[in-house]
Amino acid sequence: MKNTVKKHIMLMAARIMGVMTIGSAAMLTAFAAPDSSSKATLEDVTRPIEDLLKNVLNVLIPLVAAVGAIFCISLGLKYSKAEEPQEREKAKQHLKSAIIGFALIFVLIVALRIATPFFTDWMNDNAPKN
């Protein structure tokens, strides 16, 4: 019973994501070519997405750094206040995991920020010409 409910929920979520993807692509194409007589090029469609990504990543980089620093400081305080060896070891593992997680998130965000122009150029160069 539980597995069938999970399958139905996952299937419904997949359908919703598909509809949202198709709808957003149609809206981007419509906004890229405001007149019905002109055709939208791939660059017209990708430029707003690239600008949005740049803006989001510009906000995310300092935000992730700040949240990571605050979270690691709070876990460090928890580690220093732990009196029992089991609590101390648990706090130490949490601190290690948090540092690794936030470092990984930060590196991936920076890599995405660096790679976005290369991917956009590659996509625009390989787009079919009309």
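Derivation of every value follows stated rules applied to the coordinates shown; laboratory data play no part. No experiment lies behind these values; they were computed from the predicted model shown. Methodologically, a virtual Cβ is constructed for each residue, glycine included, from the backbone with ideal geometry; neighbour enumeration extends over all protein chains shown.
Miscellaneous remarks
- Computed label-point distance, nm, for sites Thr4 and Phe106 using a 7 Å Cα→Cβ extension: 5.0 nm
- Neighbour-limited loop hits for GluC sites (Glu not before Pro), region 73-130 (at most 11 other Cβ within 10 Å; DSSP other than H, G, I, E, B): Glu83
- Each other residue within a Cβ distance under 15 Å of Leu95 adds +1 if Lys or Arg and -1 if Asp or Glu, for a net charge of +4.
- Charge tally for Leu57 (other residues, Cβ to Cβ under 14 Å; Lys, Arg +1; Asp, Glu -1): 0.
- Protection-proxy order for peptides 116-123, 5-12, each taking the mean of Cβ atoms within 10 Å per residue, highest first: 116-123, 5-12
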